[in-house]
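The values are calculated or read from the model by the stated rules, or taken from the named source; none is laboratory data. Since the structure is predicted, the reported quantities are computational estimates derived from the model, not experimental observations. Every residue, glycine as well, gets a Cβ built from its backbone with ideal geometry; the counts of neighbours run over all protein chains shown.
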Amino acid sequence: MSEKREIILSGIRPTGRLHYGNYFGAIKTFVDLQEQGKSCYYFIADYHALTTLTEREDFFRQTLDMLRTYVACGLDPAKSVIYRQSDLPCTAELTLLLGMVTNIGHLERGTTYKDKMSKLTDRRDGTEGNPLSYGLLGYPVLMAADILIVKADIVPVGDDQRQHVEMAMDIAQKFNHRFGETLKVPAPVARNALRLPGLDGAAKMGKSEHNTLDLLDDPKTVLKKIKGVQTSTDPAPLSVESNEPDMVIPEMAPSLGTLYRLLHLLAPEDVYLDFMGKYRRQEKFYGLLKTTLAEYVSKFNEPIIERYNDPANNDEFVMDFLRENARKVTPVALETVEACRQAMGIGHSLHRA
Ligand code: ATP
Ligand code: MG
């Protein structure tokens with residue numbers, strides 16, 4: 001009998017262009033797992049994007065562009081099931097069912113929710129006229145449905161999503177405890193998951209934070225963004241808890257720490273160590289650090305930009321595989337939803353029978 005393949009699930013919101021945090025926190029692992037022959041489900045989380053909606057945005061356009069970037073990064077729709085969250089509407093039904101075993105207090109203690117709450121008074125972040133929604137509070141339940149619906153074993157995400165995966169594990173356990181073993185409980189997020197800080201030194205680089213270095217940035221933009229990073233000596237300690245030892249010097253200014261982290265990800269070890277030495281010796285080196293890093297970044301981006309612009313990687317290609325892959329994931333997902341309906345006592349859907 002052949003051994004069961006591990007099931008992988010992860011998604012990205014179509015809220016902007018893919019950045020270095022997305023790449024090293026998620027996409028790189030997506031590609032590695034795909035090449036290891038695992039059973040991979042990767043989706044574009046367009047329902048999730050709606051939780052930060054301020055005015056109408058063209059999420060469909062952004063979804064297509066993000067999928068072209070997925071392909072440019074090495075994701076292959078013939079090897080991985082790559083789909084759009086809203087093409088699997090039974091996820092919404094599972095969210096409703098899971099909501100019945102989800103504790104509101106637990107959701108209110110979620111860090112993303114608490115973070116948005118604290119920003120409500122800060123009108124600059126676009127929350128004006130857009131108070132906290134039921135959708136935002138329920139975000140972790142929808143994410144639990146995404147994960148549980150395909151029976152995922154592993155959820156490769158960045159460290160910022162650790163708590164959401166723990167909530168999904170908790171929801172699945174509660175469901176199973178109450179209604180009998182129905183849902184597969186996924187593994188927690190890997191201990192070495194990355195959280196890349198922003199170019200502004202904020203704890204997280206994020207599409208909605210406007211502090212990103214993007215995979216599609218051209219050399220001019222890369223240089224401009226990196227040159228604009230604050231490197232003046234700032235006594236504030238690095239605000240990021242790192243899982244990776246010796247990546248940055250603890251007392252380093254946060255935005256300088258981001259440059260070092262990027263250098264560590266992209267440059268050979270000797271180049272990185274050389275710049276570490278310069279910092280320790282307090283040499284004048286910020287200009288050189290920035291131009292050197294900008295070169296590594298542009299060299300990294302070049303083939304991705306090329307594949308993104310490949311005429312074969314067009315909207316029609318993306319729409320075709322979206323259609324095909326939605327057909328592949330639907331039966332898997334419906335099986336889970338039907339099992340939950342049955343377990344809870346409402347029985348199978350009659351119109352799907
Ligand atoms: P948004 O600001 O709209 O939430 P985002 O940049 O946080 O966008 P997501 O779509 O929420 O990106 O997350 C996609 C994936 O990228 C997730 O697996 C997430 O953990 C990972 N990720 C996002 N930002 C970082 C980061 N700074 N470091 C490491 N991983 C990250
Ligand atoms: Mg995010």
Fill in: the stretch 35-47, subset among the small types (Gly, Ala, Ser) and more than 23 Å from Pro197 (Cβ to Cβ), residue nearest to ligand 2 (Cβ to nearest atom)
Ser39
Worksheet item: Among (1) at pLDDT below 95; (2) in a helix (DSSP H, G or I); (3) away from ligand 1 (no atom under 16 Å from the Cβ), which single condition is Phe175 missing?
Response: (1)
Item to complete: Just give me the residues in the stretch 12-38 being within 25 Å of Thr330 (Cβ to Cβ), surrounded by 20 or more Cβ atoms within 10 Å (Cβ to Cβ) and small (Gly, Ala, Ser), in sequence order.
Response: Ala26
Fill in: Options Leu67, Leu9, Leu53: the member that is buried (at least 23 other Cβ atoms within 10 Å of the Cβ) and either modelled with pLDDT under 95 or farther than 24 Å from Tyr308 by Cβ (or both)
Leu9
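A quick yes/no check of all residues on (1) without any contact (Cβ under 8 Å) to a residue 12 or more places away in the chain; (2) over 22 Å from Pro188 (Cα atoms); (3) more than 16 Å from ligand 2 (Cβ to nearest atom):
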| residue | (1), (2), (3) |
| --- | --- |
| Ile12 | no, no, no |
| Thr15 | no, yes, no |
| Leu33 | no, no, yes |
| Ala49 | no, yes, no |
| Glu55 | yes, yes, yes |
| Val71 | no, yes, yes |
| Tyr83 | no, yes, yes |
| Leu88 | no, yes, yes |
| Ala92 | no, yes, yes |
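Do any helices (runs of 4 or more DSSP H) lying entirely in the stretch 9-113 carry at least 3 residues that are closer than 17 Å to Leu136 by Cα, and which ones are they?
Values: elements: 28-35, 46-49, 59-72, 90-99, 104-108.
Per the criteria, 46-49, 90-99, 104-108.
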